[in-house]
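> Next up is a structure, given as structure tokens.
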Amino acid sequence: MGAGHTHRLYRHGHSPVHRLPPHTKLAAVLGFVVVVVSTPREAMWAFGLYALLLAGVARAARVPAGFLLRRLLIEVPFVAFAVLLPFVAEGPRTEVLGVSLSVHGLWGAWNVLAKGTLGVAASVLLAATTELRELLLGLQRLRLPPLLVQIASFMIRYGDVITDEMRRMRVARASRGFEARGVRHWGVLAKSAGALFIRSYERGERVHLAMVSRGYAGTMPVIDEVTASRAQWSSALALPGAALAVCLLGWTL
């Protein structure tokens, strides 16, 4: 996979969660999300227990609450959508503070907010304790189609390269006195975007030819073989296992 990349969501640490193999954490997060989605929305207490489970994982991973809350801002568009549901949904109505709201819309908003927030929080904790390179190795270990893993690997590898190219083009425009101030400057920006696309395409062709000349035949060599012991699997699956117990209680009570 080449050299490792540290993304902004990652928080360097040496906690027990950081040390877990990446494929065990991926499986744990996937299982947790599936269990949360399967929980009936009427079991509101269950979602509180799920939040406590994630808080326990965050504590074990030594991820501060402020760090986690700031990354949760990514779900703001979904929150806005959930807030609109009680106003636009059909069905029986009820009054809340003098405002007529849809009952189905209120349940739908709660469903989106609770399950969406828990899913995003679990994903943020995964990203905060696992580097991108390790995530790719974990996906490879979980037998994700190799082509998809390679595409993701190249996207991560050359994302920074294209970003640097955009920065150099912006500096070049600024050094020539250009400053985008309105619609009349959109033509220059469009030409810059076209030039960036052509340069990226040509770079991709050169990289592919270089790889073929070095023996690339559609598969990447496995540099690091990631394995997990039974104890590590047990530690990782403790989260979805506890969540499953809560979910079953939610369906029976």
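> When the chain is treated as a GNM, springs tying every alpha-carbon pair under 10 Å, which of 40, 92, 146 comes out with the largest mean-square fluctuation?
Residue with maximal mean-square fluctuation among 40, 92, 146: 92.
> If you take the square roots of the eigenvalues of the alpha-carbon gyration tensor of segment 38-171 and sort them as a ≥ b ≥ c, do you get rounded (a/c under 1.5), prolate (a/b over b/c) or oblate?
Cα axes put segment 38-171 in the prolate bin.
> Kindly state, to the nearest 0.05, the FRET efficiency for residue 185 paired with residue 208, given R0 = 41 Å and r defined as their beta-carbon distance.
0.75
> Moving to a separate point now. Which of 230, 141, 184 moves the most in a Gaussian network model of the chain with Cα springs under 10 Å?
184
> D for segment 113-253, whole µm²/s, Stokes-Einstein with Kirkwood Rh over alpha-carbon pairs at 10 °C and 1.306 mPa s: what number?
80 µm²/s
> How far is helix 76-88 tilted off the main Cα axis of the chain, in degrees rounded to 10, range 0 to 90?
Orientation of helix 76-88: about 50 degrees from the principal axis.
> Could you check how many percent of all C-alpha pairs in segment 176-253 are farther apart than 19 Å?
So the portion of pairs separated by more than 19 Å is 72 percent.
> Using every alpha carbon pair in segment 145-213, what percent of pairs falls into each 5 Å bin from 0 up to the bin containing the largest distance?
3, 14, 18, 22, 14, 11, 8, 6, 3, 1
> If R0 is 22 Å, what FRET efficiency do you get for residue 233 and residue 60 from their C-beta distance, rounded to 0.05?
With a Förster radius of 22 Å, E is 0.85.
> A further question follows. On a C-alpha basis, how far is the centre of segment 112-135 from the centre of segment 164-241 in Å? Whole number, if you could?
Answer, in whole Å: 22.
> To the nearest 10 square angstrom, what accessible area does residue 78 show with a 1.4 Å probe?
130 Å²
> Compute the FRET efficiency between residue 154 and residue 107 as 1/(1 + (r/R0)^6), taking r as their Cβ-Cβ distance and R0 = 35 Å, and round to the nearest 0.05.
Taking R0 as 35 Å, the efficiency between residue 154 and residue 107 is 0.25.
> Relative to the longest principal axis of the chain, what angle (0 to 90°, nearest 10) does the C-alpha long axis of helix 22-38 take?
Rounded to the nearest ten degrees, it is 40.
> Using only alpha carbon pairs under 8 Å that are at least six residues apart, calculate the relative contact order of the chain and give it in whole percent.
37 percent
> Right, something else. Based on the alpha carbons, how large is the Rg to Rh ratio for the chain when Rh follows Kirkwood?
1.07
> How much length is gained on full extension from residue 144 to residue 169, taking 0.36 nm per residue of separation minus their Cα-Cα distance?
Additional length available on full extension: 5.3 nm.
The values are calculated or read from the model by the stated rules, or taken from the named source; none is laboratory data. On a predicted model such as this, the values are computed, not experimentally measured, just so you know. A quick note on method: Cβ atoms are made from the backbone with ideal geometry, for glycine too, and the neighbour counts reach across all protein chains shown. Remember, those area values only see protein heavy atoms, side chains included, never the ligands or the DNA or RNA. Shrake-Rupley method; radii C 1.70, N 1.55, O 1.52, S 1.80 Å.
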